[in-house]
Amino acid sequence: MRLAIIGAGSMAGEHAKHFRALDGVEVVAVCDLDDAKARAFAEAHDIPEAHSDLTAMLARDDIQAVSNVTPDGVHKATTLAAIAAGKHVLCEKPLATNAADAETMAAAAREAGVINMVNLSYRDAPAIQLARELVAEGRLGRVMHVDASYRQSWLVSDAWGRWDRDSQWLWRLSEAHGSKGVLGDVGVHILDFASFPVGDIAAVTCRLKCFDKAPDNRIGEYRLDANDSALMQVEFAGGALGTVQATRWATGHHNSLALSIHGDRGALRVDLDAARDRVQVCLGEDVHPARWTELTAPPTPSIYRRFIDGIESGVNDQPDFARGAALQRVLDACFDSDAQGRSLALTTGEPAERQPA
Ligand SMILES: NC(=O)c1ccc[n+]([C@@H]2O[C@H](COP(=O)([O-])OP(=O)(O)OC[C@H]3O[C@@H](n4cnc5c(N)ncnc54)[C@H](O)[C@@H]3O)[C@@H](O)[C@H]2O)c1
């Protein structure tokens, strides 16, 4: 299996590392608009070919698949080019920057018959897979209440580098550079993290905020106008209510995902800072004393492994582009809800009717 990487930035290093570790997979080429960056990346990861012209790289018939690790606003054009060249595609999240584009990408992949997946990488945490099983088995009873949060602090901590100097952070702060703010960047992860076990989101109320952070909110070519905190109230199709939040201002947290799900017969908690493979549960008779115990989840194959397995078997695993597009519809509804200051139903885009209890 020969694979190429599009984009030679910071996340691409993870893709190169994971794919190169898989038996039978060769990373044979990398492409970045910045030729020097492509060459340095190829050298660092022992990749034979570096390109700055995507068309030339995609013309290689012996490359079956690409991993698209470009900035969000570039996913659509580069993915459509890869699909048109007959490549299977693992695309970074969010799939696109709006639902219409994401749906175009999903339709193109479906029509071309290529394997397509979105790198919602926290699906690789064994805990979320076990959480989904526990809910599906009815162990929690009827799910009533959900609480999900994604907390980052790169606007206050320099642990991941300087946000005010490095392009990999600056484009994330700027709508003109294709960013949909924290909502598009990691809000998409936490919306997936909550709805993967609990089910589809039917309605949202969202509040977004972009805080002042530089003179005139501008640094060089970057206008700093993308949201950095997002608060969502959601109603799931199954009737449960939930709060979902994402922020870059969570001082004291580098990259924390947490989820609680409460049903009428039990509850579970996942805290990836504590452990990626543990689920805290309060079930059965333990509900009365509110006693929690811990379950260990079995290992989960990585999305990189499952993408390659899908190409070999011809069976598209999840999360696919259709899932990416469904999440993008939630993101679009969040932006509309914030702009209109009201709750919106996902199916109609109209003000949400309250579901009966
Ligand atoms: N799944 C995850 O957990 C996770 C984590 C981090 C980043 N990401 C996603 O990965 C993507 C890349 O993020 P990053 O932090 O690596 O960004 P980055 O800015 O470090 O790297 C992006 C690279 O793409 C290159 N590029 C831009 N346009 C291009 C084009 N048309 N063709 C080829 N190369 C092009 C840029 O020159 C840059 O080198 C984003 O979509 C981001 O949301 C996902």
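The values are calculated or read from the model by the stated rules, or taken from the named source; none is laboratory data. For clarity, every value in this text was computed on a predicted model and none was experimentally measured. Methodologically, a virtual Cβ is constructed for each residue, glycine included, from the backbone with ideal geometry; neighbour enumeration extends over all protein chains shown. The area values use the complete protein model at the heavy-atom level, side chains included, leaving out ligands, DNA and RNA. Shrake-Rupley method; radii C 1.70, N 1.55, O 1.52, S 1.80 Å.
Kindly point out which whole DSSP H helices in the chain project their C-alpha atoms 18 angstrom or further along the helix axis while averaging a Kyte-Doolittle hydropathy of 1.6 or above.
Values: long enough: 99-112 (19 Å, 0.04); 321-340 (28 Å, 0.06).
Helix filter hits for the chain: none.
Of the listed peptides 189-200, 58-69, what is their order by residue-averaged count of other C-beta atoms within 10 Å, with the highest listed first? Before the final figure, lay out the partial values.
On the way: 189-200: 22.3, 58-69: 19.5.
Output ranking for 189-200, 58-69: 189-200, 58-69.
For the pair region 243-301 and region 1-45, the centres of their Cα atoms are 34 angstrom apart. If pairing requires two Cys Cβ atoms under 4.7 Å apart, which cysteines of the chain are left without a partner? Isolated Cys, the chain: Cys31, Cys91, Cys210, Cys282.
Solvent-accessible area assigned to carbon and sulfur over the chain amounts to 48 percent, based on a 1.4 Å probe. Computed with a 1.4 Å probe over protein heavy atoms only, the accessible surface of the chain comes to 44 Å² per residue. Among the listed pairs Lys17/Lys209; Lys17/Lys76; Lys17/Lys93; Lys17/Lys213, a Cα-Cα separation exceeding 29 Å is found for Lys17/Lys209; Lys17/Lys213. Sorting the segments 279-287, 349-357 by their residues' average number of neighbouring beta-carbon atoms within 10 angstrom, most packed first, yields 279-287, 349-357.
Give the percent of DSSP beta bridges with both residues in the chain that are antiparallel, rounded to the nearest 5. Write down the numbers at each step before the final one.
Details: 42 of 69 bridges.
Taking every DSSP beta bridge with both residues in the chain, the antiparallel ones total about 60 percent.
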